[in-house]
Amino acid sequence: MTYIFDSSLPGLLTAVFEWFERKPGKVVLKSTEIFQPEAFSESFTVATNSEKADRVWAGLQKKLKKDWLRKFYCSYLSEIPEAYNHLFQFTIYIFQNSTGAETNYGNEHVIALAKYAKSVEREKHRMEAFIRFQHTADGIFYTGVNPDFNVLPLISNHFKNRYADQQWIIYDLKRKYGLHYNLNTVEEITIDFTNGVNSKNPSAILLDEKEELYSVLWKDYFKSANIVARKNTKLHVQHVPKRYWKYLTEKQLS
Amino acid sequence: MSFDRIREKLNILADAAKYDVSCSSSGGTRKNDNKGLGDSHSSGICHTYTEDGRCVSLLKILLTNHCIYDCLFCVSRKSNDVKRAAFTVDEVVELTMNFYRRNYIEGLFLSSGIFKNADFTMERLLLVCKKLRLEQNYNGYIHLKTIPGASDELIKEAGLYADRMSINLEMPTEAGLKLLAPEKSHADVIKPLAFVPQNITQFAADKKLIKHVPKFVPAGQSTQMVIGATPETDKDIMYTANAFYKNFSLKRVYYSGYVPISNDTRMPILGTQPPLLRENRLYQTDWLMRFYGFKVQEILNDANPNLDVDIDPKLSWAIRNMQHFPVDINKADYRMILRIPGIGVMSAQKIVQARKFGKLRIDQLKKIGVAYNRAKHFITCADSPYQLKDYQGTQIKAFILAESQSKYLKTDSNQMILF
Ligand code: SF4
């Protein structure tokens, strides 16, 4: 039996609700995007329902402590197709067992969630580290990113707390939405890049005249801080995987 | 400020500061509650890594590389023929603010050569901190180097604005230090190191009485020793580190493999490779002391004054103490599980949680993250293969080395491979 859902979080939670209503035995959860009808297997399309979803979420909140609710949410943000199914099975497992079942690292869904969450948290941490703002002429600090996972919801608070006295935009170019902090709140925005704005680099967005100075100084600094006698490219690349280089001011040729 | 001049200054003063290896931005507790710029991230953030693989978290610069002293191990020493430069206080403030705003850095690491005298220098460092905190509303991280010989009042005031303060032991023993820096002594370092914790305690006590006591060096103190410039053993180094951790509640001791910068005959000659593997082994030992419950005497003692080169200190201890093994994964104390080669803190914690649900098997251990090929020589679990004969420690070492040939013998990397 396959359950199909719309890949939203409420959809996933509704699927759990439906399973407990029907108790259809073994079920695999797939999102509409990857579902391919098979001739001999039954399927059921979950109709996302926020009331049902809320009830499941409230149930989870009773069963799980904060750290595991976070792991749950992070696994969801991974957007990995198999993660959806693990989340589904994990939730059923948690409801069917007494409190504390999430520490059973011998269970495949527990360990799977722990792993997804770890990857997503790593990506979140890397975004917090590797984002480089450019100061635009209209005074906003801008960056465009391309994260593997949907981590913007996870990094929003960090940037809001830290850069409280400057306006900033972090734009997810892959998922086509961004966060804009307007000195009070963080709002979700979409930018239309069609009228000549280069998405990688806001080159058509006019940069502040001092921007050049500080990016050059930063590149200089990066070079000076290196100790040539200790060169270790392998370690360097391990810490800063090449796919992140495009963000890094210090990695751009001057 | 002129573009070229500021570039030149930054190049000189960042270059001179880079030999101080500490770059941690951890332990800060400052919150951005005045709607200013910046806050501290408790575990710190590395914003990039140098091509030698070290974390870049802070803008690490000297205020000036002019110095009245002549410490042999230092590039800024008086007798060294290098270009000199000095930042103004405002230049440092502006650089810090602008780098921070672009998410380049977690904060500032400010040190200085000693110009005129210790207090004159310390006053200027203090001024940078005050301007950042009071004028710019800056709440990012500040690591300030204490200038040896600066007066108590200045150190105390600086402690109100800095997150971390450090002062370097430089050489692991007094004898080593005297050899290379005759004007310095460990006593100069010990005085401020002892002074800061007294104040931290005092401020903590005041806090109970008065509400708005400012933070005093919230991220604590650290120090650094240069390794391999003088002939100390690993035992000398780690015993000194251990004593300083204990006596001055230091947050970190850093071990910096000496990079030859001088032709003086008392020092390793120019072109000698920095002892990166040794540095790595010392850090591993430091971790074993701080997070794995080892006493320094268990790892280094008169019979074993130096760490093994070919294997890490945890494995080395296990092999010398085979009487404690094999350890039963499903029964042993957490404390003992931590001591098994191939099992780190995270895996050990997961093991003690998971085994409540049933005896753990090999495949589960692997999923939990245990380096099973290494650990298997030291453990039994639910489905361990029956072992006919007990292997000797030396045999196990040979097995492990054969298996991990490529990884552990090609030791040209200074990678932190932690067990
Ligand atoms: S006092 Fe400090 S800066 Fe001056 S030579 Fe000695 S170590 Fe270098």
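All of the numbers you see were taken from the coordinates with simple rules; none came from a lab. Keep in mind it's a predicted model, so treat the numbers as computed, not measured. Every residue, glycine among them, receives a Cβ derived from its backbone with ideal geometry; neighbour counts consider all protein chains shown.
For this structure, a couple of remarks:
- FRET efficiency, A:Gln252 to A:Ala229 (Cβ-Cβ, R0 25 Å, nearest 0.05): 0.45
- Within straight-line cross-link reach of B:Lys131, lysines at Cα separation under 23 Å, skipping those fewer than 8 residues along the same chain: A:Lys210, B:Lys9, B:Lys31, B:Lys35, B:Lys60, B:Lys116, B:Lys145, B:Lys156, B:Lys215
- Rounded FRET efficiency, nearest 0.05, which uses the C-beta distance separating A:Ala137 from B:Thr29 and R0 of 30 Å: 0.25
- Each residue of segment B:327-336 is assigned a 3J(HN,Hα), and the resulting list reads 9, 7, 4, 7, 10, 4, 4, 3, 4, 7 Hz, derived from the Karplus form 6.51 cos²θ - 1.76 cosθ + 1.60 (θ = phi - 60°), x at Gly and Pro.
- Extension reserve of the B:Lys130-B:Arg290 stretch, reckoned as 0.36 nm per residue once the Cα distance is removed: 54.2 nm
- Counting only DSSP beta bridges with both residues in the protein assembly as shown, the antiparallel share comes to about 30 percent.
- Amide H within-cut-off set for B:Leu58, under 5 Å, with H built and near neighbours excluded: B:Glu106
- Cross-link partners of B:Lys78 among aspartates and glutamates, defined as those whose alpha carbon lies under 13 angstrom from its own and excluding same-chain residues fewer than eight positions apart: B:Asp70, B:Glu183.
- Projected label distance in nm at A:Val237 and A:Ser98, using a 7 Å step from Cα toward the beta-carbon: 5.2
- Extending 7 Å from Cα along the Cβ direction at A:Leu183 and again at A:Thr32 yields two label points whose distance is 4.2 nm.
- When the C-alpha to C-alpha distance is required to be over 31 Å, the pairs from B:Lys184/B:Lys251; A:Lys124/B:Lys295; B:Lys18/B:Lys178; A:Lys160/B:Lys246; A:Lys242/B:Lys376 that qualify are A:Lys124/B:Lys295; A:Lys160/B:Lys246; A:Lys242/B:Lys376.
- Compared with the direct C-alpha span, the chain from B:Asn247 to B:Asp152 gains 32.3 nm at full extension, assuming 0.36 nm per residue.
- Nearest-ten-degree value, helix A:108-130 long axis tilted from longest Cα axis of chain A: 20
- Note on segment A:126-159 and segment B:228-291: Cα centroid distance 38 Å, given to the nearest whole angstrom.
- Bridges between two residues of chain A, per DSSP, are antiparallel at a rate of about 50%.
- Three-way shape call for the protein assembly as shown based on the alpha-carbon gyration tensor, with the a/c threshold at 1.5: oblate
- Neighbour net charge for A:Tyr84 - beta-carbon separation under 14 angstrom, K R +1, D E -1: -3
- Shown here for segment B:145-189: GluC sites (Glu not before Pro) in loop regions (DSSP other than H, G, I, E, B) with at most 15 other Cβ atoms within 10 Å, namely B:Glu183.
- Residue pairs exceeding 22 angstrom between C-alpha atoms, taken from A:Lys251/B:Lys83; B:Lys331/B:Lys356; A:Lys174/A:Lys246: A:Lys251/B:Lys83.
- Chain A, helix-only ellipticity at 222 nm - DSSP H runs n ≥ 4, -39,500 (n - 2.57), divided by all residues, nearest 500: -14000 deg cm²/dmol
- Helix B:186-209 vs. chain B, principal-axis angle (Cα, 0 to 90°, nearest 10): 90
- Helix-only CD estimate at 222 nm, as mean residue ellipticity for chain B, using -39500 (n - 2.57) per DSSP H run (n ≥ 4): -11500 deg cm²/dmol
- Cβ-Cβ distance of B:Arg320 and B:Val345, R₀ of 35 Å, FRET efficiency by 1/(1 + (r/R0)^6): the value works out to about 0.95.
- Among beta bridges identified by DSSP and lying wholly in chain B, the antiparallel ones come to about 15 percent.
- Top of B:Thr29, B:Thr272, B:Thr380 by mean-square fluctuation, Gaussian network on chain B, Cα under 10 Å: B:Thr272
- Principal-axis analysis of the Cα atoms of chain A puts helix A:66-77 at an angle of about 80° to the longest axis.
- Inter-chain Cβ neighbour count for B:40-49, averaged per residue, equals 6 (cutoff 10 Å, partner chain atoms only).
- Interchain or long-range residues, amide H under 5 Å from B:Thr380's placed H: B:Val327, B:Asp328, B:Ile329
- Residue among A:Leu235, A:His135, A:Phe149 farthest towards the positive dipole end of segment A:131-251, charges placed on Cβ: A:Leu235
- Model label sites at B:Asn263 and B:Lys366, defined 7 Å from Cα along the beta-carbon direction, differ in position by 5.8 nm.
- Chain lengthening between A:Leu69 and A:Asn49 when straightened (0.36 nm per residue, less Cα-Cα): 5.2 nm
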